[in-house]
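The values are calculated or read from the model by the stated rules, or taken from the named source; none is laboratory data. It should be emphasised that the depicted structure is a prediction, and the values quoted were computed from it without experimental measurement. Every residue, glycine as well, gets a Cβ built from its backbone with ideal geometry; the counts of neighbours run over all protein chains shown.
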Amino acid sequence: MKVCYYLATTDLEGGAQSLLDLIKVSLSNNIDVRVILGKKFTPLEKILNKMHVQYIIINHGTDCFNKNLIKLLIKIIVNKIAVYHLIKYLKQEKVDILHSNSVISTIGMEAAKKCNIPYICHIRERIEDGLEIRLINYKKLYSLMNESYCCIAISNFVKERYDKFVKNIIVINDGIDIKAYKENIKRGKINNKVLFVGRICNQKGQHEAIETLNLIVNKFKCDVKLTFVGAIVDKRYYKKINKLIDDYKLNPYVNFLNFTNDLKKLRKENDIALVCSSNEGLGRVLIEAMVSSQLVIAANDGAIKDIVQNNKNGFLYNIGDYNTLAEIIINCINQNNDKIINNGYHFALDNFDNQKQNGNVIKIYNDIINK
């Protein structure tokens, strides 16, 4: 069986990480894997080389709308050329199944349809409220999704966004390579270090953390250290965050680190994992934190509320309620929350194991081949 994975983007955020975990399971099931990338010289390319996975670079962009009409026209032309090259590649390689890793690009599905190759569409995002973007042609997207063998949504929250337009959606939570994160730590009394992992943009809610830190430090006079880890994808938002830090005189309490693929050391050092995302499709960093035995504090929004059970395997707060979030963090410091951490650890192990969840995707591949 030969499966070709098509990637809309080449960053190393959650969607790509989840695909890499799926590829690991595919390889362990003796599937012949191919990957389509849109850019050269990316960190993702280096990882695929280490995994000895064959890939090809076909220059393309997403189907995201651009207000600059010239750039939009160029993107449309480039993507049409990309479809042509992908058709040629799929025929040459005699691919059995195409697996598109995102809905923000239809190139993979278009090429597979023209080659009469069965394809799967993985829905990892809510486009407008989750990614804060809109697409060029929704009608084409929904048509291609409906003609797929099936669409895989990573959560019920994501599925709900497309249910009115697409009929063949099933839910399979992302699987995670547990071994890469597993740390069954007895932390004892929680320290004052908070880790916030996620690309820096409005949807991830770094401003929520800063507003809360202002209350913790300046109102409640509590010493808390906050570390952000993530790529800056919205420079205006990043400037806004830094202005808040300056205005509240929080520089001694905040640290920014570039995105790193290895967070083990940071997760060990920071007892609390904070997730303030709105409209989160699943919350991969949340699951990684649980498996790393961090105490999870998260926004009661999106798919997060299906993962975190308040006061059982973590703590929830409502977006914008900075006082409550501040109180939760302060109350957790110097307290023993090993029971809640342990509950979160086992919940993640039971529900997001890579072999189990992505094994369900392999079953779909087998069904396609058998039919």
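For the range 54-76, give me the residue count where each residue is modelled with pLDDT of 95 or more and not polar (S, T, N, Q).
4
Could you check, for the range 145-164, whether at least one of its residues is touching a helix residue (DSSP H, G or I) at 6+ places or on another chain (Cβ under 8 Å), assigned to a helix (DSSP H, G or I), surrounded by fewer than 18 Cβ atoms within 10 Å (Cβ to Cβ) and not basic (Lys, Arg)?
Yes: the range 145-164 contains one or more residues that are touching a helix residue (DSSP H, G or I) at 6+ places or on another chain (Cβ under 8 Å), assigned to a helix (DSSP H, G or I), surrounded by fewer than 18 Cβ atoms within 10 Å (Cβ to Cβ) and not basic (Lys, Arg).
For residue 118, all conditions in the list (1) within 23 Å of residue 170 (Cβ to Cβ); (2) surrounded by fewer than 16 Cβ atoms within 10 Å (Cβ to Cβ); (3) not basic (Lys, Arg) hold save one; what is the number of the exception?
(2)
Could you check the range 47-61 and list, in sequence order, the residues that are farther than 20 Å from residue 177 by Cα and not in a strand (DSSP E or B)?
Matches in the range 47-61: 58, 59, 60, 61.
Output the residues belonging to the range 94-130 that are out of contact with any His (no Cβ under 9 Å at 6 or more places or on another chain) and among the aromatic types (Phe, Trp, Tyr).
Within the range 94-130, no residue meets the criteria.
List, please: which pairs have Cβ atoms under 7 Å, are six or more places apart or on different chains, and start with a residue in the range 25-46 that is in a helix (DSSP H, G or I) and end with one that is at pLDDT below 90 and hydrophobic (A, V, I, L, M, F, W, C)?
Hits for this filter: 43/12; 44/12; 44/16.
I need a count of the residues in the range 81-127 that are in contact (Cβ under 8 Å) with a residue 60 or more places away in the chain and at positive phi.
Of the residues in the range 81-127, 1 are in contact (Cβ under 8 Å) with a residue 60 or more places away in the chain and at positive phi.
Rundown of residues vs (1) more than 19 Å from residue 184 (Cβ to Cβ); (2) at pLDDT 95 or above; (3) touching a Pro at 6+ places or on another chain (Cβ under 9 Å), yes/no style:
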site: 309; (1), (2), (3): yes, yes, no
site: 319; (1), (2), (3): yes, yes, no
site: 341; (1), (2), (3): no, yes, no
site: 355; (1), (2), (3): no, no, no
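Is one or more of the residues making up the range 259-278 of a type in the set (Phe, Trp, Tyr) and either at pLDDT below 95 or buried (at least 23 other Cβ atoms within 10 Å of the Cβ) (or both)? Before the answer, list the steps.
First, pick out the residues of the range 259-278 that are of a type in the set (Phe, Trp, Tyr): 259.
From what is left, the residues that are either at pLDDT below 95 or buried (at least 23 other Cβ atoms within 10 Å of the Cβ) (or both) are 259.
Among the residues of the range 259-278, at least one is of a type in the set (Phe, Trp, Tyr) and either at pLDDT below 95 or buried (at least 23 other Cβ atoms within 10 Å of the Cβ) (or both), which makes the answer yes.
Of all residues in the range 81-137 being small (Gly, Ala, Ser) and part of a helix (DSSP H, G or I), which is nearest to the chain's Cα centre (by Cα)? I'd like the intermediate steps shown before the answer.
First, pick out the residues of the range 81-137 that are small (Gly, Ala, Ser): 82, 100, 102, 105, 108, 111-112, 130.
Filter once more, so that each one left must be part of a helix (DSSP H, G or I): 82, 108, 111-112, 130.
Values: 82: 25, 108: 20, 111: 25, 112: 25, 130: 11 Å.
Only one residue tops the list, namely 130.
Can you name every residue in the range 215-237 that is more than 12 Å from residue 201 (Cα to Cα), without any contact (Cβ under 8 Å) to a residue 40 or more places away in the chain and part of a helix (DSSP H, G or I)?
Hits for the range 215-237 are 217, 218.
Applying the selection to the range 241-285, what residues are touching a residue at least 24 places away in the same chain (Cβ under 8 Å) and assigned to a helix (DSSP H, G or I)?
241, 244, 245, 253, 264, 266, 267, 268, 269, 284, 285
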